[in-house]
Amino acid sequence: MSASTMEAALLLAGVLFMLGLISVLIRRNIIFMLISVEIMLNAAGLAFIVAGSRWVQPDGQVMFIFILTMAAAEVSVGLALILQIYHQLKTLDSDAASFMKG
Amino acid sequence: MELTFYIAAAVAVLSTIMVITRYNIIHALLYLVVSFLSVAVVFFTLGAPFMAALEVIIYAGAIVVLIIFVIMMLNLTQEDVQREKEWLNPSIWVGPAILSAVLLAELVYIVAAGTPPQTEGAVVAVDAKLVGLSLFGPYILGVQLCGIMLTAGIVGAYHLGRQKKKVIHRFLQERSAAA
Amino acid sequence: MENYIWLIPALPFLGSLLLILFGTRLSRAGVAILGVGSVGVSALLTILLGLQFLAEKPAFYHQEVWQWFNVAGFNPSIAFHLDALSIVFIFVITFVGFLIHLYSTAYMAGDTDFSRFFACMNLFVGSMLLLVMADNLLLLYFGWEGVGLCSYLLIGFWYKEPANGYAARKAFIITRVGDVAMAIGLFILFQTFGTLHIQTILSQAPEVWSVGAQAAVLVGLLLLGGAVGKSGQLPLQTWLPDAMAGPTPVSALIHAATMVTAGVYLIARMYVIFDLAPVAQMAVAVVGAVTLLLAGFSALTQYDLKRVLAYSTISQIGYMFLALGVGAWSAGIFHFMIHAFFKALLFLCAGAIILALHHEQDMRQMGGLRKSMPVVFWTFLIGAASLAALPVITAGFYSKDQILWYTLAGPQGSIWLYLAGLAGAFITSIYTFRMVFMTFYGEPKTQVAHPPGKVITIPLVILAILSLVGGFIELPHNFAHLALFSGLMAPVLPGITANELLAANEWLFQALAAVVSLGGVLVAYLFYQKSPALLASIERSSFAMALHRFWFSGWGFDALYDNLFVRPYVFLANLNKRDIIDSFYTGLARTAEGFHVMFSQTQSGVLRNYVVGIVFGAIMILTISLLL
Amino acid sequence: MILLWMIVILMAGGLLAWLSKKWHPELPRWIALFAVLADFILAVYLWLSLPASTLGASPWLLQLEIPWIPQWGVNFILALDGLSLLMLLLTFFLGILSVLVSWREIRTKSGFFHFNLLWVLAGITGVFLTMDLFLFYFFWEVMLIPMYFLIGVWGHANRTYAAFKFFLFTQASGLLMLLAILGLYFIHGSQTGIYTFNYFELLGTALAPEAARLLMFGFLAAFLVKLPVVPFHSWLPDAHSEAPTAGSVILAGLLLKTGAYGLLRFVLPLFPTAAVEFAPWAMLLGAVGIIYGAILAYSQTDLKRLAAYTSVSHMGFVILGVFAFNEWALQGVVMQMIAHGLSTGALFIVAGFLYERLHTRDMGQMGGFWAKAPKLGVFALIFVMASLGLPGLGNFIAEFLTLVGSWQANNWLTVVATVGIVLATAYSLRIMQKVFYEPAPSDHHLPDLSAREMLIAVPMIALILWLGLYPQSVLDTAQPSINQQLQAYQEPEAKEKVAVVEVPAVELKVEKAENK
């Protein structure tokens, strides 16, 4: 695979990351935000894979596994939190959960 | 192989755009599955078949299913979709989009500027055995940490997800008292 | 006998200590015995010692009690040096002090703080003795400050009246201004000589400094600064009239007879420095001359009996300074001794009057006391005569005449100083007899409550006798020529020789002095006894009234200092009460708090805003790293 | 070993006092009293058994060295010389007084109070004893935190503010000192290869002028804030006036002295050239401090605040003297440390006595107390006079020696400082005037000193008189260690001495003997 593909793959990671980021920024629905974070994590993982593939080393994939694990844990805890928030506030609006105002 | 990569990449980008523009959360999740699958294809083209498999199983499988379960528990209706529409008007998303575009532009610039040394030829697959060896070799500590984190995640999810009717957080209690 | 020198100051100190510790538990008689007795024994010891001194004629007695401290060669001792000069001083201090103590037992009899009074008085006598007996300047400074403290405590003795406390503070602070000058003088002396031992300095000074050396002049002026502070001379004289707030015996002892003459002692003691610094010595003479005139004019206008005496004290000390300034050392000390007698006498008489008239001090409310208080009248008259230097019979005549004579005929004399002294003598006799006429003649205006008892009159009589005969130990050259006093002083203080040319006509100047003082009496008689209407008509003119006001307020020095130093200081202090520097730190804290408020605004609790922050941060970091 | 015991007794006594509150409410006081008393007796024993004059070249009386963290070159070094011994005596004496003074005043949490009190004292003891810079910094902090609690828990109305202010000032400056200590450590290490915090070994470190200056400012920061010198003084009035009486006594009497001690012990010998460069500025700060403190003291209406500003003024003499670099001035400084500890401590105790009776510190509400409490009046009078530098009391010796010494170094600043004495008179007499003279604005019930209070007052009076009349024993004790601190300055000093005319003052004393 050519270097240009590598660059393209990195760019793909960047684009996906940006899309996730935009989503986090514009969404008020807290589940959407969680999904967007997943997209971003996935994009980051992609970047690792690209790097590992570029140097033909397993480290990139190892990192991806770590990210995966973390994403899984994050989703489970995050969803539990979402449930809790929904039960307390009866809404999924993240702006409503703004009690920690300074 | 390259063509596969580009097609998969295009699909990934398109489906992700669809994810972030949907009002109905189930639709968004379906597109998300597509996005994950296409990224898995990209992994495959990059010579990481095992990771592609994991991507399919865990991201497209487990995580998305988990989210769907939760959505089912939340019992969302057409009203929520409507509200989503109200929340997502252009005035809200233009600013963040510009910001992200700037960030993207910088990333592109960095990738383009820092040209890596050319390595021609086919992709050399890094097989799962090698990954496993390094996981349980130099990265053993990280694996253990991941284990701890997962345990913590399980415990945390259980603890947080429990329905405690009586006990409300004191902060929220004050809130409700004030209201 | 000289092994017991230390007892002389120690006894009053001991008395004071005992009175402080047990004074409240003793009976009044006990307090009186302790207070008067300690000073009495001291006086007795002094007289015995003085007799031995006269018999043996040693250069000096010296006794070291203990070494005070020793730091790198700076080793002052608690040690006493007694020569003729000190003996004259301790004699006056203990003897006059004893009489005044005795008098006080009657004067203060009704006071609730009887023991505190005697504790302070004893402490004063002890400190004053320390001052004049010290063999080094540091110990002298010890006594110097000690008497300042006692003066403060006794002026403010009736502490419940805020004005008294104010006067006391004023006295302490103003004298301290002088003390600072003196302390700086001591630093220079120490730097130059490596010691503060007086005799060493006096013997070394001529070798180290030539005549007119800058350092010598500086030291001389600084010592003069200390002296004017303590002695109430220009420009630090303003505290003394106010110091009359204290009980009258205090005024007699501290603010007339002894403490205020400490400056005279200091200058006489350090005469070598002044010999080496003609400029400083000239300054002493000028300060004395100006002060005696200014104070004399102020005394003319006062109505408070004690204030007249206070101004007269300032004026008489001015004479002493004048004498020292022209090099008539022994004449200055002689006048000190005589002045102590008659001024103490006058104050004690004034006290007797004040006591008899229910603490009335205004002379306009007195009058006609000649009949009701004959003993006081006669003794007061003697004191007044001595103060006015009425010729031949009074001691004051001999001492003052000697000063006037050397002011003119001495090697450093000048006609201007002489004229100032002569004018001063004229004014002195006017205000003195103004006092006599206003108080004892005319119509009685206030009823005498109780005539003074024996304890009060005995000291008066003794002092009156001394005020008359004290002068006969030193008679002028052309008039029996008796020089007992200056003979005594000769080993300690250098003598003075009069101008040959003038000496032939000395009697002429004596006659002039006599005429002047008699003239003053006559003027006073004219204005205050014969035809008060004449005086009243003069006083009605606006110029005279303004002058009167000006003199009455002590030439406006109080107002001047008040506006120049006190008020700006208090204003500045109050302005800065909250400490401007602290506002810098509180300002710093305020700023931090402001930032806190500002930044806590960004903590909106809205998750998306935080994400925007993160994105901004990422963009910034990337941009910066790209640009660099 | 006896040195270690001193610290251990205090620390253990503190813990015990805290615990003993459970058994009996009065027990902490007695335990604290006996702990400090034991230390005091130890110190007096040391003083009597080790007369400084018998020493040879070395000023050190006792030394204890235990390796602590050898990897970093940290040793547990305690060493005692005349200077530290005097400071210890003062510490324990004032410690006893602070326990006595709190006997009735402290009602709440008395166990914790005495714990803090003893630990502050332990910290101060450590600061005066340790000769390892690491340990020094440790003790420097140890005395800080309990003091924070003393002010913050048992203080007056505005105590939290004052405690924070105190903490921030001293902590910030202490950190600068830590930086300087580390800087010295690394410079010494890189030069010799031996990384150590040992004071004795660091003494000879050769420093580049620039480095020496920076390091000196690090040390100065801590000491000048603690002292305090004028632009950094503003924590002091708040801390002093809000602290409980014992806290004020310890603050004024001891904590300020650690700053002065630090200047003597560390700044002078470690940075001789930099200190000489800085000397005129330091003396200027001193002179400004004397005047500025005096002016501020004059305007205060709060008795404790007034006393606090007098401390600022008096500490000006310390820095003036320290940077004069001669024996007179340094002896004066040592005397000033002791005499000021007593005199200002006494003024705070007077304020405490009055507060206990009147529940106010406002002088506007006092007056005419002489009639009601003559013993208190005499006690106050003596220490008011001490603070204005009356001869016969310790402060006079201190101030006079300091000024004599500083005159040799700088004439004009000495003149300014001497003028400060006049201002001292003004504010000191104001205390007497407002509190004891004048008619009382309101009729308070004011009992005179009780037996316990006399037990506090009488030793203080005796001591200040002793210091004023026979200070030689104190001066002798301090002398060898002062010479030690001055060693680096002896060269220029020798030249100056030649200029001074040596006058033999002995002959005159004998003369009279024959005359008889």
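So what is the calculated 222 nm ellipticity per residue for the protein assembly as shown, using -39500 (n - 2.57) for each DSSP H run with n of 4 or more, over all residues, to the nearest 500 deg cm²/dmol?
Using -39500 (n - 2.57) per qualifying helix, the result is -24000 deg cm²/dmol.
Ignore the peptide's own chain and count Cβ atoms of other chains within 10 Å of each Cβ in C:573-582; give me the average, rounded.
Going residue by residue through C:573-582 and averaging, the value is 6.
Using the charge dipole of the protein assembly as shown (Lys, Arg: +1 at Cβ; Asp, Glu: -1 at Cβ; taken about the Cα centre), state which of C:Gly332, D:Ala274, C:Leu221 has its Cα farthest towards the positive end.
Positive-most Cα among the choices belongs to C:Gly332.
Provide a whole-number value for the mean count of partner chain Cβ atoms within 10 Å of the Cβ atoms in peptide B:134-141. Mind showing how you got there, number by number?
On the way: counts 5, 6, 0, 2, 3, 6, 0, 0.
Taking all residues of B:134-141 together, the mean is 3.
Would you mind checking C:Lys160/D:Lys165; D:Lys165/D:Lys372; C:Lys57/C:Lys400 for any pair whose Cα atoms are more than 29 angstrom apart?
As for pairs spanning more than 29 Å Cα to Cα, those are C:Lys160/D:Lys165; D:Lys165/D:Lys372.
Could you work out, for chain B, what percent of all Cα-Cα pairs fall into each 5 Å distance bin, beginning at 0 Å and stopping at the bin that holds the largest distance?
The calculated distribution, bin by bin, is 1, 6, 8, 11, 14, 16, 16, 12, 7, 5, 2, 1, 1, 0.
Dipole size in debye (nearest 20) for the range A:3-90 around its Cα centre, Lys and Arg Cβ +1, Asp and Glu Cβ -1?
320 debye
May I ask you to evaluate 6.51 cos²θ - 1.76 cosθ + 1.60, the Karplus curve with θ = phi - 60°, for each residue of the range C:203-212 and list the ³J(HN,Hα) values in order in whole Hz, giving x for glycine and proline?
Each residue of the range C:203-212 in turn: 7, 7, 3, x, 7, 7, 10, 7, 5, x Hz.
Distances over 14 Å make up what percent of all Cα-Cα pairs in the range C:268-312?
Pairs farther apart than 14 Å: 58 percent.
Just going by the charge dipole of the protein assembly as shown, with Lys and Arg at +1 and Asp and Glu at -1 on Cβ, which of C:Leu518, D:Gly364, C:Leu138 is farthest out on the positive end?
D:Gly364
Can you return the aspartates and glutamates within cross-link range of D:Lys226? Criterion is Cα-Cα under 19 Å, with same-chain partners fewer than 8 residues away left out.
Once the sequence-local aspartates and glutamates are set aside, what remains near D:Lys226 is C:Asp579, C:Asp582, D:Glu141, D:Asp238, D:Glu242.
Kindly write out, for the range C:83-94 in residue order, the coupling ³J(HN,Hα) from the Karplus curve 6.51 cos²θ - 1.76 cosθ + 1.60 (θ = phi - 60°), rounded to whole Hz, with x marking Gly and Pro.
10, 4, 4, 5, 5, 4, 5, 5, 4, 4, 4, 6
Over the whole of A:82-88, what's the average partner chain Cβ count within 10 Å per residue? Rounded to a whole number, please. Mind dumping the intermediate values first?
Details: counts 7, 8, 7, 1, 5, 7, 5.
Counting Cβ atoms of other protein chains within 10 Å of each residue's Cβ and averaging gives 6.
Viscosity 1.002 mPa s, temperature 20 °C: Stokes-Einstein D of the range C:512-566 from its Kirkwood Cα radius, in µm² per second? Walk me through the numbers on the way to the answer.
Working: Rh = 13.5 Å.
In µm²/s, the coefficient rounds to 159.
What is the order of C:Lys530, A:Lys90, D:Lys226, C:Lys306, fewest Cβ neighbours within 10 Å to most?
So the ranking, lowest neighbour count to highest, is A:Lys90, C:Lys530, C:Lys306, D:Lys226.
Quick one: if you stick a label point 7 Å off each Cα along the C-beta vector at D:Ala172 and D:Leu62, how many nm between them?
3.9 nm
Expressed as a rounded percentage, what relative contact order does chain C have, with Cα pairs under 8 Å and six or more residues apart?
After rounding, I find 12 percent.
Cross-link candidates for B:Lys129: which aspartates and glutamates have Cα within less than 15 Å, leaving aside residues fewer than 8 places away along the same chain?
Counting by Cα, and skipping residues close in sequence, B:Lys129 has these aspartates and glutamates nearby: A:Asp59.
Report, in cubic angstrom per residue, the convex hull volume of the C-alpha atoms of chain D.
160 Å³
Along the range B:42-47, what does the Karplus equation 6.51 cos²θ - 1.76 cosθ + 1.60 (θ = phi - 60°) give for ³J(HN,Hα), rounded to whole Hz, x for Gly and Pro?
Listing the rounded values in order: 4, 4, 4, 5, 8, x Hz.
Placing one identical point scatterer on every Cα of chain C and ignoring solvent, what is log10 I(q)/I(0) from the Debye formula at q = 0.11, 0.12 Å⁻¹?
Debye curve over Cα of chain C, log10 I(q)/I(0) at q = 0.11, 0.12 Å⁻¹: -1.04, -1.25.
Running a GNM on chain A with Cα contacts under 10 Å, which residue among A:Ala13, A:Ala44, A:Ala72 ends up with the highest mean-square fluctuation?
A:Ala72
With a 10 Å Cβ neighbour count serving as the proxy for reagent exposure, in which order, fewest first, do D:Ile295, C:Ile198, B:Ile154 appear?
Details: D:Ile295 24, C:Ile198 20, B:Ile154 13.
Lowest to highest Cβ neighbour count: B:Ile154, C:Ile198, D:Ile295.
Taking all pairs of distinct Cα atoms, average 1/r, flip it, and tell me the Kirkwood hydrodynamic radius of the protein assembly as shown in Å to one decimal place.
Averaging 1/r across every pair of different Cα atoms and inverting gives 37.9 Å.
Please give the per residue volume of the convex hull enclosing the alpha carbon atoms of the range C:151-240, rounded to a whole number of Å³.
Normalising the Cα hull of the range C:151-240 by residue number yields 94 Å³.
Quick one: putting +1 on the C-beta of Lys and Arg, -1 on the C-beta of Asp and Glu, what dipole do you get for the range C:155-308 around its Cα centre, in Debye to the nearest 20?
360 debye
Among C:Lys170/C:Lys445; C:Lys170/C:Lys577; C:Lys343/C:Lys454; C:Lys230/C:Lys454, which pairs are too far apart, with a Cα-Cα distance over 31 Å?
Check vs 31 Å cut-off fails for C:Lys170/C:Lys445; C:Lys230/C:Lys454.
If amide H atoms are built 1.01 Å from N in the plane of the peptide, which residues on other chains or at least 5 residues away come under 5 Å of the amide H of D:Asp81?
It is D:Leu61, by chain and number.
Amide H of C:Leu482 versus every other amide H placed in the peptide plane: which residues, excluding those fewer than 5 positions away on the same chain, fall under 5 Å?
Close amide H contacts, sequence-distant or interchain: C:Leu475.
So how strong a dipole does the protein assembly as shown carry about its Cα centre when Lys and Arg Cβ are +1 and Asp and Glu Cβ are -1, to the nearest 20 debye?
That gives a dipole near 3740 debye.
Laboratory data are not the source of any read-out in this text; all were calculated from the coordinates shown. This is a predicted model, so every value here is computed, not measured. Positions of Cβ are generated from backbone atoms using ideal geometry, with glycine treated the same way; all protein chains shown enter the neighbour counts.
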